[in-house]
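Accompanying notes for the structure given below.
Laboratory data are not the source of any read-out in this text; all were calculated from the coordinates shown. If you're wondering where the values come from, they're calculated on a predicted model, not measured in any experiment. Heads up, the Cβs are rebuilt from the backbone with ideal geometry, glycines too, and the neighbour counts pull from every protein chain shown.
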Amino acid sequence: MGTTLHTLRPPEGARKRKKRVGRGIGSHRGKTSGRGMKGQLARHNAMPVAFEGGQNPIHRRVPKRGFVRVEKVVAFGVNLGRLDALFDAGSEVTLETLRERGIVPKKATIVKLLGDGEITKPMTVRLHRASESARRKLEAVGGTFEAVEVGK
């Protein structure tokens with residue numbers, strides 16, 4: 001029989017039983033349950049995670065700086081020299097082909113063609129953006145650039 005949902009169990013030793021304290025003097029953890037005599041830690045009140053004994057906590061002492069632009073768009077750059085080394089003459093370069101070859105990560109939504117390096121083969125490049133120098137170099141060897149919309 002294979003593993004099914006009703007036969008799943010945690011590995012041996014993965015789940016420990018809760019220590020039952022305060023169950024009589026003979027249990028070695030009776031009366032005060034291992035909390036000592038009196039004081040803040042003996043009383044059953046949980047303190048906040050960032051509690052520092054009453055002084056102003058670090059997240060309130062240090063000033064806030066900067067901001068995060070929610071609508072910021074980051075374009076992932078790919079150089080012409082890299083395309084020349086990885087693609088044959090006359091091939092079509094798209095976002096999908098770049099992802100298959102491991103040049104562009106999955107999370108990249110906008111890819112920009114950059115003009116660094118030399119290109120010797122004509123190819124069709126279908127990406128979101130391209131620098132002016134990349135377009136000139138690509139068209140000089142007989143290649144074409146076609147801009148595609150984001151999300152396509």
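Some values worked out for this structure:
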{"quantity": "Segment 130-152, subset buried (at least 17 other Cβ atoms within 10 Å of the Cβ) and in contact (Cβ under 8 Å) with a residue 40 or more places away in the chain, residue nearest to residue 77 (Cα to Cα)", "calculated": "134"}
{"quantity": "Residues satisfying the stated conditions in segment 60-76, i.e. surrounded by 10 or more Cβ atoms within 10 Å (Cβ to Cβ) and more than 15 Å from residue 109 (Cα to Cα)", "calculated": "60"}
{"quantity": "Subset tally (residues that are surrounded by fewer than 14 Cβ atoms within 10 Å (Cβ to Cβ) and under 21 Å from the mean Cα position of the chain (by Cα)) for segment 85-108", "calculated": "7"}
